[in-house]
1. Can you give me the number of residues within the range 47-98 that are under 18 Å from His36 (Cα atoms), among the small types (Gly, Ala, Ser) and surrounded by 18 or more Cβ atoms within 10 Å (Cβ to Cβ)?
2. Among the residues of the range 10-41, which ones are over 26 Å from Trp158 (Cβ atoms), outside any loop (DSSP other than H, G, I, E, B), at pLDDT below 90 and not charged (D, E, K, R)?
3. Which residues, counting only those in the range 131-151, are free of Cβ contacts under 8 Å to residues at least 60 places away in the same chain and touching an Asp or Glu at 6+ places or on another chain (Cβ under 8 Å)?
4. Looking only at residues in the range 154-169 that are more than 16 Å from Glu47 (Cβ to Cβ) and either touching a residue at least 12 places away in the same chain (Cβ under 8 Å) or among the acidic types (Asp, Glu) (or both), which one is surrounded by the most Cβ atoms within 10 Å (Cβ to Cβ)?
5. List every residue pair whose Cβ atoms lie under 6 Å apart, where the two residues are 6 or more positions apart in sequence or sit on different chains, the first residue falls within the range 48-69 and is more than 28 Å from Lys163 (Cβ to Cβ), and the second residue, located anywhere, is among the hydroxyl-bearing types (Ser, Thr, Tyr) and surrounded by 13 or more Cβ atoms within 10 Å (Cβ to Cβ).
6. Could you pull out every one of the helices (runs of 4 or more DSSP H) wholly within the range 50-144 that has 1 or more residues that are under 25 Å from Trp158 (Cβ atoms) and small (Gly, Ala, Ser)?
7. What about Arg115, is it at pLDDT 80 or above, surrounded by 14 or more Cβ atoms within 10 Å (Cβ to Cβ), closer than 26 Å to Asp55 by Cβ and assigned by TED's automatic domain parsing to the domain that holds Glu29?
Amino acid sequence: MPAKAAKPAAAPAKEHELPRSLLISDRGELTPAFIHVLKRIFQKFSEGTNALTSDQLNNFSKACNDGKGFTAKELNEIHMYFDCDENKGLTQRGFCDMYHTQTSAEPSETWKDLRKLGFIQHVTGKGGCYACGADAKTACARCLCVRYCSKECQTEDWKAGHKRACKPKSAPVVKATE
């Protein structure tokens, strides 16, 4: 029994070391790297569809919470408060909003989920190749959020879903001086 009490105490300290600013900007918006990771997680669990069904949401919850799915009440709240399609499937926008809400309230919970799903390194900018995990040498020229070890891995990942998640990085606005 004492070992159980010691284990949870160690995990939060690790999670608090990671700054909230990697997830949410000073303006309260999700960071580009975090948005990209959320889109990748959504794609992984939605199995190519445009919305997460209740079963897919439960699979996601089980992956993050040691096999524990959402309760009926929690699923009802998700369907009530976040963007869903006509079949009560949580859309990608709803999924990102759900994480925005959680991260604003409890960033440590989000870090725990990202750690369980293997996406911490991609948010912190220390991740390897998105396709194979090897040391990354280049980044996607369009979004600059995803790194790859080779052109082959980039092509494979583009076809596997990065194409749908990739959004161009906006260039800084430079004002001309007279």
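1. Total meeting the criteria: 2.
2. Ala10, Ala11, Pro12, Ala13, His16
3. Those that are free of Cβ contacts under 8 Å to residues at least 60 places away in the same chain and touching an Asp or Glu at 6+ places or on another chain (Cβ under 8 Å): Ala131, Tyr148, Cys149.
4. Out of the qualifying residues, it is His162.
5. Note: pairs meeting the criteria are Gly69/Ser61.
6. The qualifying helices (runs of 4 or more DSSP H) are 54-64.
7. Values: at pLDDT 80 or above: yes; surrounded by 14 or more Cβ atoms within 10 Å (Cβ to Cβ): yes; closer than 26 Å to Asp55 by Cβ: yes; assigned by TED's automatic domain parsing to the domain that holds Glu29: yes.
So Arg115 fits the description; yes.
The values are calculated or read from the model by the stated rules, or taken from the named source; none is laboratory data. Treat the numbers as computed from the prediction; the structure is a model and nothing was measured. Using ideal geometry, Cβ is built from the backbone for each residue, glycine included, and neighbour counts are taken over all protein chains shown.
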